[in-house]
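Reviewing the structure listed below.
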Amino acid sequence: MRVPLEWLREMVDLPAQVDARAVAERLIAAGLEVESVETAGGDVSGPLVVGRVDAIEELTEFKKPIRWCQVDVGLEHGGVRGIVCGARNFAVGDHVVVALPGAVLPGDFRITARETYGHVSDGMICSQRELGLGDDHDGIMVLDSGTVGDDGAALLGLGEETLDIAVTPDRGYALSVRGVAREVATAFGLPFDDPGQRLVDLPAPAADAAPWPCGVEDPEMCELFTLRRIIGFDPAAATPGWMERRLVASGMRPVSLAVDVTNYVMLELGQPLHAFDGAKLRGAVRAGRAGEAAPPLETLDHVSRALDPDDVVIRDDSGVIGLAGTMGGLHTEIDDDSTDLVLEAARFVAEPVARTARRHRLSSEASRRFERGVDRVLAPYASARAAQLLLEYGGGVYAGMTAWESPYSPPVIAMDADLPQRTSGMPVDRATVVHHLEQVGCEIMGDAVLDVSPPPWRPDLTDPADLVEEVVRLVGYDRIPSRLPQAPAGYGLTREQRLRRRAGLALAAAGVVDVLTYPFMGEGDLDALLVAAGERRRRAPRLANPLSEEQPLLRTTLLPGLLHAARRNLSRGIDDIALGEIGRVFVLDDDQDPGGVAEPPRPGVEQRPSDAELAAIEALLPVQPHHLAAVLTGARESRGWWGPGREATWADAIEIASSVASMLGVDIVARPATDAPFHPGRTAALVADGEVIGFAGELHPRVIATYSLPARTVALELDLDALMAAAHDVAPAPDVRTQPVAKEDIALVVAESVAAADVADAVRTGAGELCEEVRLFDVYVGPQVPEGHRSLAFALRFRALDRTLSAEEIAAAREAGVAEAARRHGAVLRGT
Amino acid sequence: MSAPNNPYDPVAVSTLEPEAVDAMVAAALADIESAGDLDEIKVVRLAHAGDRSPLALANREIGALPPAAKAEAGKRVGSARQTVRDALDARLARLEIERDARVLVEESVDVTLPTRRSGLGARHPLTTLMERMAEVFMAMGYEVAEGPEAEAEWFNFDALNVPPDHPARTMQDTFFVGSERSGVVLRTQTSPIQLRAMLARDLPIYVVAPGRVFRTDELDATHTPVFHQIEGLAVDEGITMADLKGTLEHLAAAMFGEGVQIRLRPSYFPFTEPSAELDLQCFVCRGASVGNPEAPCRTCSSEGWIEWGGCGMVNPRVLRAAGIDTARYSGFAFGMGVERTLMFRHGVTDMRDMVEGDIRFSRAFGVEV
Ligand SMILES: [Zn+2]
């Protein structure tokens, strides 16, 4: 809402020294968000005067028609000046605004006397746009009247300040100069004579003219409906300059007197108005629902709109003629010949208008106001004011008013008089409470408990808490003291929260850089990742209104986002990349439909829902576990003076997963796996506590190609929630054995198909509890071992808790380990 | 000590005469002093302290002396041998130090050579910042509450007193999951966690809730459709706006330094009443840039204040939806954008840096903000 300060001054007797900044400051403190204070023509300076066109000579020898004008700007400004002008919308005798040499117009446009089109142009005749007053550049500004030599800047309101206010949804009344003026008056402690409660004098309706009949078909849509009629209106009548200037300053474009007056009164009082051409109406004008099978309506913006049965509409005997409170229909619009004006002022109910506007994706000045709630009783006052202006400037005969109104009884809110004090934490006595509520416009009864009737322009005041806010904001939020509440002792982070933080640190410690990618993906990503149809990762929830049609799904895996991020880093010249993310993925349960349920449970909010209702709500949601993932490409260790670098491999991916798990106290085991999107021969399933919790390894070459990544890019992804579930609740302490250690190395020859981890497992099991470590330290394939076999060398460490082991004990344990590997995997001890 | 010339015994063993012993010591000391390296000192040690050294041989002669002279001669020779050994050890130690100094100098390397072989990891600064803010509250006894990102409309809107036709529910702002009527949205705010906390926890409740939220805004320098908020909630007996103000002042001091002012401005949120916008005094210029074109401030655009978040007293309607007795309990809630906080606290000028996953961005922050 843009509010010119001079308009506010008309309603509130502000001291002259109070400027717009001071007003803005007080309004902000009172809860109106003043976003900016603008000065009209703030960048115009120098001489700007009213001139009269005395003569026009048409110059025709140029590509476009040019006028050589003689303009009288008054003796003190040099009398008659010759000025060249390209516009043609003025005539001899018209008053215009002339920028004299020395003036500077917006865009640092300096006016000088200069030769052009064969003449010396001694100034410039200005258009609105050149002065920064609007976008109207069809022609120069022709003034309604004027005195030659007068200051043009003052006349045009240059230097006038305008407040731009962002109105919150609860303060619909502030979408009017009247509403803002009330706040200004309150803020400065000045009296306020509310123009919205003043019924202006209109002439008695003409005896030979009838008002236009009206009605309301659905009182749930409309509480108050009025029509005033003026006959014999002059459609060519001009809008007065002062009204045009206020409209422009308020951000509206002047159109014609009838339209301008409806807009002007809406800005002034907050009541949207609509003018019909009586000649185009058929029978009574009524408000109601569109109902079934209403034909499409063409609205003022020349859009044909299919109507929903629940749309709030205006109709006459010909059918629907407008979207009530949103936009009028094209076919009953006033035009250049309209002389019979029927002026609608109504109070439509907020929610149906909001729904109608939303359905048609049509937010108008009117709908913005109705959605927030228009003054319940204002309509006849506002239409009287509009009729007064129309009659004054457009002539015609007043033909009277018709009205329909549902019964109105202002609500009464019972509030403890000390509630503002108890809520704010500062002393606010009863008298202060009453005083401020009266300033807001409330009527108050009662003593310890106040019975408060909010004014009709404050439909937002429904609860005691709403009244508390009014009182406290007028006392001043800045006067609230400050105190720290004493929370009871807390338990700190939950185990999951703590472990998730640890996992993030572990990932960073492993050299991985955390990024936060958008959780959106497309079917294309799943195809690119070679995810099979029917696989769990295909059960992705779908957005009804995605930002991009390519990414309508919620991610079921972190990899698409990370692969895109890796790609972006590569494109920025970063070759060695280790990036990762911890975030939620979203998976539909088998019994959840991607489109959701038809009738989701929506329990009331007046009380706590039952446990069954809450469970039904929870059942709507997809599963949303935290995942941890990383992608690595390029050097894991860089080339340097120490020697060559080392590219990241499948082993790094597994090691990162494993070290994160270790930091959380979980041992994970790698098992050969072939799952997408990984290389089927270079991928491990990560197993914790017997459950597969993720995968790590080299990406499948086709995946790498699709995402244009370097060959051998590796990745890992694991279900962090599952990993944390495998962590100990309370970690047990180890036996730290202090007896001497015995070290033995063995080399076992096994078939290549046998997994090294399985051989190690067998050795460990066979060697028994004296064996504290089995570590593989070499893998050999070559002439020393049979074709299709390899030799695995293990370092074993033996130690007892309570004694030095004898050579016999050590040998027996070692042989038992070898024997178990032989039994399970056909391993043969090498080199003995 | 006996005087060297005491003539009490005619049996003379010449090598045990004081003069002879002194001469042996003198010779030994001279050789020790002239030993120039560890090899030479080894030879000298053999010559003067070895089994066949003059002093060792002299020592063997002691047995031949009359008992009365044995003690004195033993003492004399013992002392002489000790003197020689001490001199040898001292010389050895000095030669070793000289050798070490020489060798260690020869072994020296260029420690300014690069040492980092693999890239450093880092956490995302938004994550770290959220944790840090949460820690301020945990120190006051708050716990961290969480909720799902794909959230029921009932939690995200209905129970937060966002009426069915509130603009926030429209397609312009909210991502709908499944369909517009499915009852599931991507949460547009962390406030649904308030409800979840109130439904799940015993009173009194003090929680802080960081999390990811979603709005259908296009990505640009100051907007991103996926961003983060941190929310606080206190529900207790006698909670007032003064408690809210004090708590926010504490957070501001913890995040921006002691003495940074905050300001509450009346505003509107459906789930709080009264509601306020939370402004932070510019922690860079502390307001000194206002009306002072000589010293403009980029952080606050010379406004003196930075919009930080929203807050208010929990609307009793919300408390009722959670089954809380509004006659007995009241609460406050607040929330702020984490991206915004990171932007003005750390001078990030383009929000795209936070979401594009360029590893240089996160890496610049390490694991602390
Ligand atoms: Zn500043």
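The values are calculated or read from the model by the stated rules, or taken from the named source; none is laboratory data. Not measured: the values here are computed from a predicted model. Glycine gets a Cβ as well: all are built from the backbone with ideal geometry, and neighbour counts include every protein chain shown. These area figures cover heavy atoms from the full protein model, side chains too; ligands, DNA and RNA do not enter into them. Shrake-Rupley method; radii C 1.70, N 1.55, O 1.52, S 1.80 Å.
Over every Cα atom in the range A:495-579, the radius of gyration and the widest Cα-Cα span, Dmax, amount to 15.1, 40 Å. Taken over the range A:742-829, the alpha-carbon convex hull comes to 75 cubic angstrom per residue. The mean sequence separation of alpha-carbon pairs under 8 Å and at least six residues apart, normalised by the residue count of chain B, gives a relative contact order of 15 percent.
Please tell me the relative contact order of the range A:413-475 in percent, rounded to the nearest whole number, where contacts are Cα pairs under 8 Å and at least six residues apart. Mind dumping the intermediate values first?
Values: 77 pairs, mean separation 25.6, N = 63.
Once divided by the residue count of the range A:413-475, the mean separation gives 41 percent.
Relative to the 2.2 N^0.38 Å rule of thumb, the range A:581-708 has a C-alpha radius of gyration ratio of 1.53.
Charging the Cβ of each Asp and Glu at -1 and of each Lys and Arg at +1, and nothing else, the dipole of the range A:48-156 about its Cα centre rounds to 300 debye.
Site pair A:Arg88 and B:Val43 shows an inter-label distance of 12.3 nm when each label is modelled 7 Å from Cα along Cα→Cβ.
Can you tell me the equivalent ellipsoid semi-axes for the protein assembly as shown? Use √(5λ) from the Cα gyration tensor, largest first, whole Å.
Details: eigenvalues 1458, 325, 221 Å².
They are 85, 40, 33 Å, listed from largest to smallest.
Projected onto its three principal axes, the C-alpha set of the range B:130-245 covers 39, 32, 24 Å, listed from the longest axis down. Residue ranking by accessible heavy-atom surface, 1.4 Å probe, largest first, among A:Arg799, A:Arg368 comes out as A:Arg368, A:Arg799. The interface between chain B and chain A buries about 8500 Å² of solvent-accessible area in total (1.4 Å probe, ligands and nucleic acids excluded). Here A:Glu292 sits with roughly 150 square angstrom of accessible surface, probe radius 1.4 Å. Could you work out how far the C-alpha centroid of the range A:568-606 sits from that of the range B:293-369, in angstrom? Taking the Cα centre of each part, the range A:568-606 and the range B:293-369 sit 23 Å apart. Computed over the Cα atoms of the range A:247-342, the ratio of the radius of gyration to the Kirkwood radius (Rg/Rh) comes to 0.98. Taking the square roots of five times each eigenvalue of the Cα gyration tensor of the range A:130-287, the equivalent ellipsoid has semi-axes of 31, 25, 16 Å, listed largest first. A P(r) calculated from all alpha carbon pairs of the range B:70-156, with 10 Å bins opening at zero, reads 11, 14, 14, 10, 10, 11, 11, 10, 7, 2, 1, 0 percent. Restricting the calculation to Cα atoms, every distinct pair contributes to the Kirkwood radius of the range A:340-495, found to be 19.5 Å. Note on the range A:667-799: Kirkwood radius taken over Cα pairs, Stokes-Einstein applied at 10 °C and 1.306 mPa s, translational D equal to 90 µm² s⁻¹.
The relative contact order of the range B:24-171 comes to 19 percent, based on Cα pairs under 8 Å that sit 6 or more residues apart.
Measuring with a 1.4 angstrom probe and ignoring ligands and nucleic acids, A:Val597 comes out at about 70 Å² accessible.
The aspartates and glutamates within cross-link reach of B:Lys70, meaning a Cα-to-Cα straight distance under 18 Å and a gap of 8 or more places when in the same chain, are B:Asp9, B:Glu17, B:Glu19, B:Asp22, B:Glu61.
Taken along the Cα-to-beta-carbon direction at a fixed 7 Å, the label points for A:Ser708 and B:Arg116 span 2.8 nm. For A:Ile321, nonlocal amide neighbours, meaning residues 5 or more places apart or on other chains whose placed amide H falls under 5 Å from its own, are A:Ile314, A:Arg315, A:Asp316. P(r) for the range A:214-405, from all Cα pairs and a bin width of 5 Å, is 1, 9, 18, 22, 22, 16, 9, 3, 0, 0 %, short bins first.
Rolling a 1.4 Å sphere over the protein heavy atoms, what is the accessible area per residue of chain A, to the nearest Å²? Before the final figure, lay out the partial values.
On the way: 36680 Å² over 832 residues.
Per-residue value: 44 Å².
The helix-based estimate of mean residue ellipticity at 222 nm for the protein assembly as shown, built from -39,500 (n - 2.57) per DSSP H run of four or more residues and divided by its residue count, is -9000 deg cm²/dmol to the nearest 500. Taking only the C-alpha atoms of chain B, Rg followed by Dmax gives 42.9, 132 Å. One equal scatterer on each Cα of the range A:48-156, no solvent, Debye formula: the resulting log10 I(q)/I(0) at q = 0.12, 0.18, 0.20 Å⁻¹ is -0.35, -0.84, -1.06. Averaging Cα coordinates gives a centre for the range A:786-832 and one for the range A:445-493; these two points are 78 Å apart.
Return an integer: the convex hull volume of the alpha-carbon atoms of the range A:206-269, in Å³ per residue.
Details: hull volume 8.4 nm³, N = 64.
Once divided by residue count, the hull of the range A:206-269 is 132 Å³.
Could you rank A:Glu244, B:Glu151 by how accessible they are, 1.4 Å probe, largest area first? All intermediate terms of the calculation are to be shown ahead of the outcome.
Working: A:Glu244 65, B:Glu151 0 Å².
Heavy-atom accessible area, descending, gives A:Glu244, B:Glu151.
Past the 16 angstrom mark, what percentage of all C-alpha to C-alpha distances in the range A:314-420 do you count? Result for the distance tail: 69 percent. When all protein chains stay in place and ligands, DNA and RNA are ignored, the 1.4 Å accessible-area order of A:Lys280, A:Lys63, largest first, is A:Lys63, A:Lys280.
Reducing the range A:665-718 and the range A:228-283 to their Cα centroids gives an inter-centroid distance of 70 Å.
Among all stretches of chain A without exposed chymotrypsin sites (Phe, Trp or Tyr not before Pro) (DSSP loop, at most 15 other Cβ atoms within 10 Å), which one is longest? Formally, the longest exposed-site-free interval is A:118-407.
Once the cut-off is 15 Å, how many percent of the Cα-Cα pairs in the range B:14-106 end up in the long-distance tail? If you can, show how the numbers build up before the last one.
Working: 2565 of 4278 pairs.
Within the range B:14-106, distances greater than 15 Å cover 60 percent of Cα pairs.
With θ taken as phi - 60° and the Karplus curve 6.51 cos²θ - 1.76 cosθ + 1.60 applied, the whole-hertz 3J(HN,Hα) list for the range A:291-301 is x, 5, 6, 6, x, x, 10, 8, 8, 3, 7 Hz, x standing for glycine and proline. Based on the Kirkwood radius over alpha-carbon pairs, what is the Stokes-Einstein translational diffusion coefficient of the range A:413-475 at 37 °C with 0.692 mPa s viscosity, in µm²/s? After rounding, the answer is 293 µm²/s. Split the accessible area of the range A:48-156 by element, probe 1.4 Å, and carbon with sulfur accounts for 48%.
Using the crude model of +1 on Lys and Arg Cβ and -1 on Asp and Glu Cβ, and no other charge, please compute the dipole size for the protein assembly as shown relative to its Cα centre, in debye to 20.
Numbers: 117 positive and 180 negative charges, 658 e Å.
Value, rounded to 20: 3160 debye.
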